[in-house]
1. Can you tell me which residues in the range A:176-197 are acidic (Asp, Glu) and away from ligand 2 (no atom under 16 Å from the Cβ)?
2. Just one of the numbered conditions (1) more than 24 Å from B:Phe230 (Cβ to Cβ); (2) in contact (Cβ under 8 Å) with a residue 60 or more places away in the chain is not true of B:Ser104; which one?
3. Among the residues of the range B:245-301, count how many are of a type outside the set (S, T, N, Q), modelled with pLDDT of 85 or more and outside any helix (DSSP H, G or I).
4. Would you pick out the residues in the range A:194-220 that are out of contact with any strand residue (DSSP E or B) (no Cβ under 9 Å at 6 or more places or on another chain) and at pLDDT 90 or above?
5. Can you tell me which residue is farthest from the other protein chains (Cβ to nearest Cβ) among those in the range A:48-62 that are surrounded by fewer than 23 Cβ atoms within 10 Å (Cβ to Cβ) and within 16 Å of ligand 2 (Cβ to nearest atom)?
6. Here are some residues: A:Thr87, A:Thr94. Which one is of a type in the set (S, T, N, Q) and within 16 Å of ligand 2 (Cβ to nearest atom)?
7. Kindly establish whether A:Leu207 is away from every other protein chain (no Cβ under 14 Å) and in contact (Cβ under 8 Å) with a residue 40 or more places away in the chain.
8. Would you be able to tell me the number of residues in the range A:164-193 that are touching a strand residue (DSSP E or B) at 6+ places or on another chain (Cβ under 7 Å) and assigned to a loop (DSSP other than H, G, I, E, B)?
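The values are calculated or read from the model by the stated rules, or taken from the named source; none is laboratory data. Keep in mind it's a predicted model, so treat the numbers as computed, not measured. Using ideal geometry, Cβ is built from the backbone for each residue, glycine included, and neighbour counts are taken over all protein chains shown.
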Amino acid sequence: MTLLGVEHLCVRFGGLTALEDVCLAVDEGEIVAVIGPNGAGKTTLFAAISGFSRPTAGRIRFAGRDVTGLPPHRLCAMGLVRTFQVTRPFADLTVRENIAVGVHLRHRSPRRARALAEGVAERVRLADRLDQPAAALTVAGRKRLELARALATEPRLLLLDEVLAGLNPAEVAEMEPVVRDIRASGVTILLVEHVLQAVMRLSDRVLVLVGGRLAATGTPAEIVRDPAVIEAYLGEGADRLVTAESPRARGA
Amino acid sequence: MNPAQGERAALVFLVLAAPLPWLVDSGTLVHFGIMVFQAATLGQAWNILGGMGGQFSFGHAAFFGAGAYTTAILQLRFGVDAWSGFFAAILAGAVVALVIGLASFRFGLRGSYFALVTLAFAEVLRILANTLEITGAGVGLLLPLAPGLERLQFADRRGYYLLALFLCAASLLVARAVAGSRLGARLVAVRENEEAASALGVDPFAVKMRAILLSGAMAASVGAFYVQYFLYLDPHIAFGPQVSVEALLGPIVGGPGTVAGPLAGAFLLQLLGEASRALAGGATGANLVVYGIVLILIVRFLPGGLAGLARARAERAGAGS
Ligand SMILES: Nc1ncnc2c1ncn2[C@@H]1O[C@H](COP(=O)(O)OP(=O)(O)OP(=O)(O)O)[C@@H](O)[C@H]1O
Ligand SMILES: [Mg+2]
């Protein structure tokens, strides 16, 4: 079943066209990745889907409803939540209090919110930092906190904007099972990522955005062999990313 | 001291302060106490919106004055009793808050823009009060002296002392309830980062409206108390900028966003104000100079206010043990 549908989406900032006639669909239970060069419009796409910017044209459908123009908090209540590429922790609050804000969407009691925040922190491996101020977290910690807060709202669709960027390879390797577990728990995931190995290992499908247009879509294996994608973004030798590293590709 | 300890300390302070005028026979002390409780309650009103919610108002005089004029006009011009006037004043504060909230939050005004809008509202109300006949224009309003509990006037100043203490305690309990609730968590989230909060399902507009309604009603109750105590009101007293400054100074000095901060700040500032008045031999404005200096020092060296200082000390002690 289609959970998210984007139809002929255009976003313009004054004279600049950030997104041009973008159409895509995400099915329930999928992990779909959006890749593309800097400035391709990936974050703009997320902002439009999550209600942070109003599309110039086009429609957004979520769970069978037209949600174009709804504010972020309404979409979040419906189960569509985003994280921010540039993390936005509530710096003065502890990790637990940060996560509790997300939990509060579906749970009124503050005591229960703080307790449930613990479980969420465990899922993203942040449990040992629960009572630290968010301002004290490292980059990796802040990325996890973004993820934890979003997860705390009990979403159906999670938009992850570069949650792996800025992490070292060991930290990336640690986050991959976290993302997989989230999907296994029934959450659909649309993610933007520059860390290509991880993208290839994690996602069922990949969308390539170049200059505000969808240049290609396909499985990871198809994408890395697509000449147009190689030319526009990946460069020569990209297919090694899947053949050498992806267990899925090796098994196939 | 952590915030929860601070709250308890503030409540204990109020309980201990209650019988004080009956133990120590001093009119100065009673008046001092009244001024502290009044400033603390006004500060707490500001604190809920500005400290917890990060919406810095520079015009809390609008609420204070609306409350003061509402009860004064109702009593003088319409023969309404003081108690009903008091509750009507609280309602009037909420109505003014509704108008200011809609006029600014609906249009996403934040930061200095919001501060300016609140300031403008207070000034407009001051000018209106200065012109209209019903408010007594520049002459102001004088309430007849008529002591009696049913008229909310006391021949013995200690009655006012208890009433002010009660208002202060009530404001503290309300702030504590807010801080410990979902609304409080959301207010703080909006203060820290509005976009991130809305991404997590928080409706910033709804949250800010609730805070300003509560804040406005609370500040208006202080205005109504002022009228009962001094029995006189004019546009400057009600809507002048010194009221707005007093509202924000206490919580900023005491610890913005903390429940105990406004009381601690009000106490310190009143103390300093009295001291400077005594030292300056009653030169008017001496206390304002001292307030200014204190504010500069606090902002420069103690951004968390007294509460921040207490917390830092506790953390150092905790780390040392
Ligand atoms: N609010 C805005 N106003 C004007 N231009 C904007 C705005 N937001 C984004 N843009 C422009 O739109 C284009 C797409 O930006 P976007 O942030 O979506 O790219 P991106 O694919 O997320 O890039 P990156 O990989 O660097 O994160 C860029 O040219 C950017 O400068
Ligand atoms: Mg981006």
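1. As a first pass, look at the range A:176-197 and keep what is acidic (Asp, Glu): A:176, A:181, A:193.
Correct list: A:Glu176, A:Asp181.
2. Here B:Ser104 meets the rest and fails (2).
3. Going through the range B:245-301 one residue at a time, the tally reaches 5.
4. Passing the criteria: only A:Arg201.
5. Step by step, filter the range A:48-62, then rank; the result is A:Ser53.
6. On the way: A:Thr94 fails: within 16 Å of ligand 2 (Cβ to nearest atom).
Being of a type in the set (S, T, N, Q) and within 16 Å of ligand 2 (Cβ to nearest atom) holds for just one of A:Thr87, A:Thr94, which is A:Thr87.
7. Numbers: away from every other protein chain (no Cβ under 14 Å): yes; in contact (Cβ under 8 Å) with a residue 40 or more places away in the chain: yes.
Yes: the conditions hold for A:Leu207.
8. Step one: list which residues in the range A:164-193 are touching a strand residue (DSSP E or B) at 6+ places or on another chain (Cβ under 7 Å), which gives A:179, A:182-183, A:187-193.
Next, only the ones that are assigned to a loop (DSSP other than H, G, I, E, B) stay: A:187, A:193.
Result for the range A:164-193: 2.
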